[in-house]
Amino acid sequence: MSNFKDWALQYVLSDDETAQSEIAKKAAKEIENTRASSASVGSWAASIQPWITITKQDDDNSDDDDDDSGSGDIIARAKALGFLADTLEALDKSLLRPEQVIRLVGFFGAMFSYDHKAGITASAKALRQLYAMKGFKPAVGVKMIEDVCKLKEDFKLQTAATRLEIYELFLSLVQDQSVTNELQDKYGTSSGFIVDIIQLCQNERDPRNLMLWFKLLPIFLTEYSTSDQVTEEIFKAFSAYFPITLRSSATPIGITADDLKNAVRACFASHYKVAKLAFPFLIGKLDQGDAITVSVKLDILKTVKACVEQYDNPQASVVPHVSKIWNSLKYEVRNGEVKDTIDATLEVLRAIANRLDGTKAQKFSVSLLKNYIDIVVDDCRDDLANPTYTKQAGLLLMTVITTNIRAFTLESAAFVDIIRKNLRQPKSPSHTKDLLLLLNSTLKSRADLFKNRKQGNSEDEELFKTESKDHLVALYHDVYLPTWTSKSEETTSEVLKQVVQGLALLATQQTLRPDGQISLLASRSVCFEVCSLLIHTLTKGLALSQNDNSSDAAVEDEAVLALQSVVATYTDGYAELVDRAKVEIEKRDWTSPSKYTLNALQDILSRLAFIGCSRIPLNIALDDEPPKVFKPLQHFIKLAASMQDLFPLSPLPTSEKESLANSYVISALHGAMLHFRDACFEKFEPKVLEAYSGSDRNWLEEFQGLSKNWLHQLQGEDGSSEVVIKEDDPEVYREFLRISLFIVRHLYREAAHGKQAPWTERVFAQVANLAALVVRSLDENLQKSCNLAQNAFNFFFSEDLSSSGPSSVAPFRKLLILGILQGLRPAAMAELYAPQGIAETFMCDTSRMATVLLAVGEIRGTICAVLANKYKGGQSTFDPESETMKRVLSFWGEQLKTATNTDDTDPAIFEVYNTVTMHTLAGACARQDKNVLSLVPILHEAIASPGPNGAIVARTIGGLVKTNELLTSENHAVVKRFYKQWTYTHFAKPLYDLALPTGDEDTAFAAGRYTTAILSLVSNCPFEVYQEDLPALVRLLITALNNNSSASSGGDITQPQVATSLEVLVEILSHEPEALKEHLKAIITAGMKTYEEAAKNTNKVLARNLAAARKLTLQLLRAIPKKFEERHLLPYALPMQRMLAMASGDKSREARKVALLARENWAKVSA
Amino acid sequence: MAKSDLDNANPTVLSVSQLPSRNLAKGHERRGPDSKYDHILFPKQWWAGSSLNNDPSVWTSDEDEDDDLTLATEEPIDEQEIYGKNYAPSGCTCMARRNLLSTISDPEHPVTLGQIAVVRLDDIHLSPSPAERLDPNTLTNVEVDLTPTVNHCSLATVIGLAVRVRLENALPPNYRIIVRMKDGSHAQDDQVNKQLGDKERVAAALENDTLKGIIEKMLETCV
């Protein structure tokens, strides 16, 4: 038994916490071993007697003279008690018997009366351990509280950690149901213990303790029935802290000011019995006016909101205070300037309206809500007539009325009526605008309420069935139409925009019929009139003369958006719009229109496409009519059929400009497809659409049985023959693709066989782009089953038509081939690559090449690029030996060899040949086709060949790596990630050694050509590709500049490599200026020489090249001072400043701008 | 400087959009909600394929003006250019403007000389006029008349000096620069004009570090 004494001594002497807890565990073990016999527990408790006895004397002494002589003993005593507490913590909680617990509680409880200096921390801890014991009885809990409360004034002298122990003890006790019952029994509603605890803790300042204190107080309110007096005491205890702040501290404690604010807020909102205290208190704080900061104001408002939302029994807790809250809060909005406060205030007002309406499960009496809204309406009515307060008053009213469906159905009529009356006599244009804005916001909120009608109480939905709608429907004739037509000074563009928005909101309002069916709120006639008004705004542009300024682009754009939403629900409106626009367009003669008229046409067609096709229409019945046939694609079909009718607007265009009208019609179709595709992507997941982008049927076969007018037939159909598609079925997308493919087929056939006149290059290009969009959206199987690869060449006829037809137009018809090929997936093109198949024949076709324009050569070349790129040979393909591409490439290799080795081929014709060759190679390079490598020596040889054709090859070889918009992953092209690096390594790298001048005249010529070729490639590559060859490249660049910058030495400043060299130098300068450091002198001299040469040259034909050269040189010179230290530049500063001074008088304004900036940069050098 | 020390504590300030500017002839610009795909539907070049030949004229229609073509247009320096605030064609991001005078800051207020109408487009004169000047190397006189906001403005010389420095730094050497106070706009315009016209005095003024600092500060805003 003497063990305990030893341990106690060891514990007291030790300073190490781990050692202490080890000792405590030993003691606990010893007690457990004796099954907590009275003897062992007794001697354990007695083991600390030496220190306790001293305590008594100590205390007596200190009462007499308050010295610190006993402080050492206090520490020892505290430790001795700690030994007991720690042992209890380590002890098995079920071991101690109830009477032992009572005795121990008595002992530790006594400490709170006697030993305020040393005993509290350990005792509080020990009590918490005893509370957790199995032998704990509720009555003991009551005693614990009473004991602790005896601490009284000395509580605040305890350390924060000690107080924390006590708070935790209290919290455990008052949350314990059995202790609660015991307390209620003993104290009843007078709840003396609560008053005691509050008195004990009322001056708490430590944030961590406060968090517990604010947890404790609400429990008193919610778990105990307290008298009014006690409730008030509790309220005072937490409201004293409001508004709470937290001083920032150097040592973070893990509690923020927001945590404290939330905790206090939770106290306020914990129980409705404090409502009569809380609301006046909070409102009182708020009414202090300017004395409080924004953040305090926000805290108050949030607290009010929490109270409103969380108090039970709102009839008793909230209703009595509503008018007081309103009277205080309205000024926050009416005269408020801070957005955050205004928003928070509106939140409170909304919370009140929602609370008075009831819950999802149960609605309260309507009078509660009605009385509240009446107060609001009465107060705001007059303000609406005052332009200064219209916005604010409207905001208040609208917020309250649109909070929930019942509020809206109750009071919207009154609200709308007030606005309507004010709109009749507006005080200023901005007053009209504000009022309209309010009206529009109300309508918008109504639409939102309707959309979310199922989320609230089930009665809400019923309200929509019976609501009165007349006041809303009448808005058109009473408000919007008069405002629109009045030509008074109040109708500014801003006002008109509001009217247009309002019209759209009105015409799209939905409601419930008594049978539960959704229908439009406005009648057919109102919808029709709204549409007519908006349509007129858009179509009048066509009829106006150039000098008429009555059209307002902003209003028109608003009308476009308005119609977009209106025709999505009132679907008849779109047909009306398209028909009216069509009539207007057909009225005009489009053979030689003015630019102004063409712009008007472009606008109206582009808008038609956007309005009808950028949203999938919704199937909503009109209020007074039975449901009719609905097709989600009806707008798209309507537009497509009408465009089909309109084309060609100008049947015999004689110039590109005259064919613009025709191309705009095609653009409208293309735009409609782009918009509709977007609409589908917005509504459905991309993965879903992918699954719907194919079909197991061959659409083209189905089209064969259809007449040209199929689209018109589709329009007129009542839907009985077709499968009816709902608007939320992804099948819409498949049907859209099917109709689009039909349109492509129709256009292609027209282009190939119809009258040739309207089909100019521009129109071909438009159709090709449209086809590309449709084709690339189809999945691989469908592309295959429709045999689109073949159809690209025979334009959806059964025979190949690609090379027939009048020769003047036919060449550009190749654009159509390109249109389809560019969108095809490689696998769908496999068939083309059979040996001697279509692809090979096309790529190796040189017939008529001598007579075609370069532009046609480009198109031809691009087709070859696509064909070469999407090629795939090998087993189980149509080209099992992988020979096709090899043959094509070697064919062009031979052509190149012949053309450059002999002088038989005219350079003009060779240019076309070369274009096709380069494109074909570029397509193969992107795929990193190894066959290309066999052409490397041939190309290198061709470049160095003495004839002019070699120069063409050298100049254009960069085309191999030039970014081609058609070779992208969107177009399913095969583009390897590092193909530019690959091509550069094989084509440019070997040339560096050969390109350096050796002084020998024979090699000098070839070296010049090689330089051109390298520059051509480099200028089309990103910097990283040629980074490692910088030293050699920089030498080449300087040589190229020097050789060409002086006319006297036979150089030509207009050579393309001058511009290219400058571009590459600027690029290097921005990425790695260090590489140029050693060559600064050469670069600056060459740059200055180049500029002077270009400025001297007055050749008008080359003006553009010269100006570009001057600008690039200046850009290079401008960048230099920023990249190098001053000491490197000083020698050149003076001559450079002189030159730049001259350059700031350059002929071209663009060049002058750069010169000025360069001059500023260089001015700093000598400074 | 305290507010009461200012020569003119409350000058009339124009907003930037009110200043005269060069409106370049623009094509039909569409900005409505339907213009999202205009780059695809109405491309500048009717065929967007990649061309080996860097000659855009093959693919653009005759009336569409290309950016490159404006580069080649010969436009001599005119009054508007000296005044500043050119509207650059939309989409042009590089060095959009060449502002010579209008964006110089006022030494007293955080506004530009253009905004308080000290520098006015109408008061900049070139002789011979840009239209007559066929050879860019012709000797040309630039006369700039300044209008101080109040007629006792003590900073008139400083402003005049800044304008002069700016023009000397920005114009080619064949431009002779004359900066004056507009007739009757300043109580001591003769003296100020004399000071600004005297090369020696201008050079001496620029030796003064304080003055040089003020002028550099004024010119910071014009790039």
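Against the test of being at pLDDT 85 or above and more than 14 Å from chain B (Cβ to nearest Cβ), the options A:Ala1141, A:Ala1155, A:Ala1163, A:Ala1086 yield a single qualifying residue, A:Ala1086. Residues that are away from chain B (no Cβ under 14 Å), outside any strand (DSSP E or B) and at positive phi do not occur anywhere in segment A:550-564. Is it the case that A:Asp73 is at pLDDT below 80, among the acidic types (Asp, Glu), outside any loop (DSSP other than H, G, I, E, B) and farther than 27 Å from A:Tyr131 by Cα? So A:Asp73 fits the description; yes.
Would you check if A:Gln517 is surrounded by fewer than 20 Cβ atoms within 10 Å (Cβ to Cβ) and more than 14 Å from every other protein chain (Cβ to nearest Cβ)? Reasoning before the result, please.
On the way: surrounded by fewer than 20 Cβ atoms within 10 Å (Cβ to Cβ): yes; more than 14 Å from every other protein chain (Cβ to nearest Cβ): yes.
Yes, satisfied.
Tell me yes or no: at least one residue of segment B:193-206 is surrounded by fewer than 18 Cβ atoms within 10 Å (Cβ to Cβ), farther than 26 Å from A:Ser1148 by Cβ and within 14 Å of chain A (Cβ to nearest Cβ). Yes, segment B:193-206 contains at least one residue that is surrounded by fewer than 18 Cβ atoms within 10 Å (Cβ to Cβ), farther than 26 Å from A:Ser1148 by Cβ and within 14 Å of chain A (Cβ to nearest Cβ).
From A:Phe408, A:Phe415, grab the single residue that is within 35 Å of the chain's Cα centre (by Cα), among the aromatic types (Phe, Trp, Tyr) and farther than 21 Å from A:Ala306 by Cβ. After ruling out the rest, the residue left standing is A:Phe408. With the condition kept exactly as written, say whether any residue in segment A:297-304 is of a type in the set (Asp, Glu), buried (at least 19 other Cβ atoms within 10 Å of the Cβ) and within 41 Å of the chain's Cα centre (by Cα). The answer is yes; a qualifying residue exists. The set of residues from segment A:1113-1138 being more than 43 Å from the chain's Cα centre (by Cα) and more than 13 Å from every other protein chain (Cβ to nearest Cβ) comprises A:Glu1125, A:Glu1126, A:Arg1127, A:His1128, A:Leu1129, A:Leu1130, A:Pro1131, A:Tyr1132, A:Ala1133, A:Leu1134, A:Pro1135, A:Met1136. A:Ala942 meets all of the listed conditions (1) within 14 Å of chain B (Cβ to nearest Cβ); (2) crowded, with 21+ Cβ neighbours inside 10 Å but one, namely (1). Residue-level analysis places A:Glu881 outside the set of residues that are more than 12 Å from chain B (Cβ to nearest Cβ), under 17 Å from A:Phe891 (Cβ atoms), part of a helix (DSSP H, G or I) and among the acidic types (Asp, Glu).
For segment A:839-856, how many residues meet the condition of being over 27 Å from A:Ala828 (Cβ atoms) and away from every other protein chain (no Cβ under 14 Å)?
Here is the first cut: in segment A:839-856, the residues over 27 Å from A:Ala828 (Cβ atoms) are A:846-855.
Right, trim to away from every other protein chain (no Cβ under 14 Å) and you get A:846-851.
Residues flagged as over 27 Å from A:Ala828 (Cβ atoms) and away from every other protein chain (no Cβ under 14 Å) within segment A:839-856 amount to 6.
One residue stands out among those in segment A:530-549 that are within 14 Å of chain B (Cβ to nearest Cβ) and modelled with pLDDT of 85 or more: the one that is nearest to A:Leu598 (Cα to Cα), which is A:Leu538. Just for segment B:138-152: of the residues that are in a strand (DSSP E or B) and surrounded by fewer than 20 Cβ atoms within 10 Å (Cβ to Cβ), which one is nearest to the other protein chains (Cβ to nearest Cβ)? So the residue we want is B:Val142. Among the residues of segment A:110-134, those identified as farther than 18 Å from A:Trp44 by Cβ and buried (at least 18 other Cβ atoms within 10 Å of the Cβ) are A:Phe112, A:Asp115, A:His116, A:Lys117, A:Ala118, A:Ile120, A:Thr121, A:Ala124, A:Arg128, A:Tyr131.
Pick from segment A:1098-1112 the residues that are more than 10 Å from chain B (Cβ to nearest Cβ) and either surrounded by 17 or more Cβ atoms within 10 Å (Cβ to Cβ) or under 12 Å from A:Ala1059 (Cβ atoms) (or both): which of them is nearest to the chain's Cα centre (by Cα)? So, considering only residues that are more than 10 Å from chain B (Cβ to nearest Cβ) and either surrounded by 17 or more Cβ atoms within 10 Å (Cβ to Cβ) or under 12 Å from A:Ala1059 (Cβ atoms) (or both), the one nearest to the chain's Cα centre (by Cα) is A:Leu1112. Listed by first and then second residue, the pairs linking a residue in segment B:27-39 that is closer than 19 Å to A:Ala765 by Cα and more than 7 Å from chain A (Cβ to nearest Cβ) to a residue that is modelled with pLDDT under 75 and in a loop (DSSP other than H, G, I, E, B), with Cβ atoms under 7 Å apart and 6 or more places separating them unless they lie on different chains, are B:Asp38/B:Arg30. Please specify each residue of segment A:152-168 satisfying the condition of being among the aliphatic types (A, V, I, L, M) and surrounded by fewer than 22 Cβ atoms within 10 Å (Cβ to Cβ). Result: A:Leu157, A:Ala160, A:Ala161, A:Leu164. When every residue of segment B:153-169 is checked against the conditions, none turns out to be assigned to a loop (DSSP other than H, G, I, E, B) and within 14 Å of chain A (Cβ to nearest Cβ).
The residue that is farthest from the other protein chains (Cβ to nearest Cβ), counting only those in segment B:170-190 that are more than 16 Å from A:Ser1144 (Cβ to Cβ) and not charged (D, E, K, R), is B:Ala187.
A:Asn949: touching a Lys or Arg at 6+ places or on another chain (Cβ under 7 Å), surrounded by 14 or more Cβ atoms within 10 Å (Cβ to Cβ) and either free of Cβ contacts under 8 Å to residues at least 12 places away in the same chain or in a helix (DSSP H, G or I) (or both), yes or no? In short, no.
The values are calculated or read from the model by the stated rules, or taken from the named source; none is laboratory data. Since the structure is predicted, the reported quantities are computational estimates derived from the model, not experimental observations. Virtual Cβ from ideal backbone geometry, glycine too; neighbours counted across all protein chains shown.
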